[in-house]
Amino acid sequence: MMEANHTDIQQAEVANLRDKVVNAIKSVYDPEIPVDIYELGLIYEINVYPINNVYVLMTLTSPSCPSAEVIPGEVEQKIKAIEGVNDVKVEITFDPPYSQDMMSEAAKLELGFL
């Protein structure tokens, strides 16, 4: 049996951590919509950098979203709670602007768009 080399192990750990980050994000909901923010398509990018620093680029359903302050903070808290995560940066962007096309099929079904 071949031994996994260091790079493979690191890549597996990053993938595993990324899955945990996605699961953490899936526990965050927009207060006005019964679908998690990941399925809504609000997450544009998730990067795990060396030494388990996590960067999330996300948007909100609208710039005037009343939960604009709450959601990114909740995302950051949930990711920081994952064992092994070192640092978390959540950045908000409105480019590209959010549209309902970004929702997953599951979210569209849940909200009656399909």
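Quick note: the coordinates plus some simple rules give every number you see, no bench work behind them. In this text the structure is predicted, and so the values were computed from the model without any measurement. Positions of Cβ are backbone-derived with ideal geometry, glycine not excepted, and every protein chain shown enters the neighbour counts.
Counted as qualifying within the range 1-110 are the strands (runs of 3 or more DSSP E) with 2 or more residues that are surrounded by fewer than 19 Cβ atoms within 10 Å (Cβ to Cβ) and either more than 13 Å from the chain's Cα centre (by Cα) or without any contact (Cβ under 8 Å) to a residue 12 or more places away in the chain (or both), namely 43-49. Taking the numbered list (1) closer than 18 Å to residue 15 by Cα; (2) touching a strand residue (DSSP E or B) at 6+ places or on another chain (Cβ under 9 Å) in turn, residue 92 passes all entries but (1).
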